[in-house]
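The values are calculated or read from the model by the stated rules, or taken from the named source; none is laboratory data. Quantities reported herein were computed from a predicted structural model and do not represent experimental measurements. Positions of Cβ are generated from backbone atoms using ideal geometry, with glycine treated the same way; all protein chains shown enter the neighbour counts. These area figures cover heavy atoms from the full protein model, side chains too; ligands, DNA and RNA do not enter into them. Shrake-Rupley method; radii C 1.70, N 1.55, O 1.52, S 1.80 Å.
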Amino acid sequence: MLFTGVVQTLKETGMLFTLAALAMPQDAVAQDRSERRRARGEEQLVREVWRGVYAKTNVGTSFIIPVTARSAASYPGVVFLGLGVGGEFIDRERFSAAFEASFSQGLAQGPRTESLVLENSLTQGDVHMFMGTGVVELSTYPTRRFGVGIRAGGGVMVMPLFLDRGSEQFDALVAGLGGDSTFFDGVHDTALPMVLGGPTIEYYTKLSHFSVGVDADFMYAFGFNPGVFASAYLKYTFGGEKAAREAIRQ
């Protein structure tokens, strides 16, 4: 008898819940479901995609395009390294705009000293380029994790002369260039203004806060030659919860 009473009580309770659900306005039910879906969506977005202030490192290659008398020979790329910080100042679900500041080094392989004299080039040996740049990056997102964009900006480039001006090698090089050491002053003793720009690709990984991508920048240093920097990068984004929640609401 006790078991039968318990079963009857449970049945009556279940019927009451069913009647209560049926009596609830349909708008309220739909709203409740919508809020639950939105909450799940926010949780998923926050967990998968982070945007905001970030740190970034690039590794790739760089090479100089010989188009002026300053470098008659080609300069094949060796390595390009960069460290940068930035952040989005416009952040939408399908569009973002960010500013990025970075310090980078490019190394291109130059001709041998004896060849340099014969070519009458004004750069010495391997070309070490140290650059401080700032760029604005505009990106669109065809999918939640994948973005494509364009970068443009400028900065300064320094190419120190890795050759002692008092050495025999330097004297021989100057002699081969006609005895005028001022040939080197415009490139190696001056900070050269530069501009750069190109496409960028980014993929937000399933590892929270981390994304990977590719930058391909065409650069021109005034007083020198144009060049290309192509590199892959790893980016770590700090925070981002607020931006992710706002993105799903929009």
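Quick test of your reading of the structure: Glu88 fulfils all but one of (1) under 15 Å from the mean Cα position of the chain (by Cα); (2) at pLDDT below 90; (3) of a type in the set (D, E, K, R). Name the failing condition by number.
Tallying (1) under 15 Å from the mean Cα position of the chain (by Cα); (2) at pLDDT below 90; (3) of a type in the set (D, E, K, R), Glu88 fails exactly one: (2).
Looking at (1) in a strand (DSSP E or B); (2) among the β-branched types (Val, Ile, Thr); (3) modelled with pLDDT under 85; (4) surrounded by 20 or more Cβ atoms within 10 Å (Cβ to Cβ), which is the only condition Thr123 fails?
With (1) in a strand (DSSP E or B); (2) among the β-branched types (Val, Ile, Thr); (3) modelled with pLDDT under 85; (4) surrounded by 20 or more Cβ atoms within 10 Å (Cβ to Cβ) applied to Thr123, the lone miss is (1).
Tell me yes or no: at least one residue of region 167-180 is more than 24 Å from Val53 (Cβ to Cβ), part of a strand (DSSP E or B) and at pLDDT 70 or above. So that I can check it myself, show each step before the final result.
First, the residues of region 167-180 that are more than 24 Å from Val53 (Cβ to Cβ): 167-180.
Of the ones still in play, those that are also part of a strand (DSSP E or B) are none.
Scanning region 167-180 turns up no residue that is more than 24 Å from Val53 (Cβ to Cβ), part of a strand (DSSP E or B) and at pLDDT 70 or above.
What's the total number of residues in region 190-243 that are open to solvent by 20 Å² or more (accessible area, probe 1.4 Å) and of a type in the set (Asp, Glu)?
Result for region 190-243: 1.
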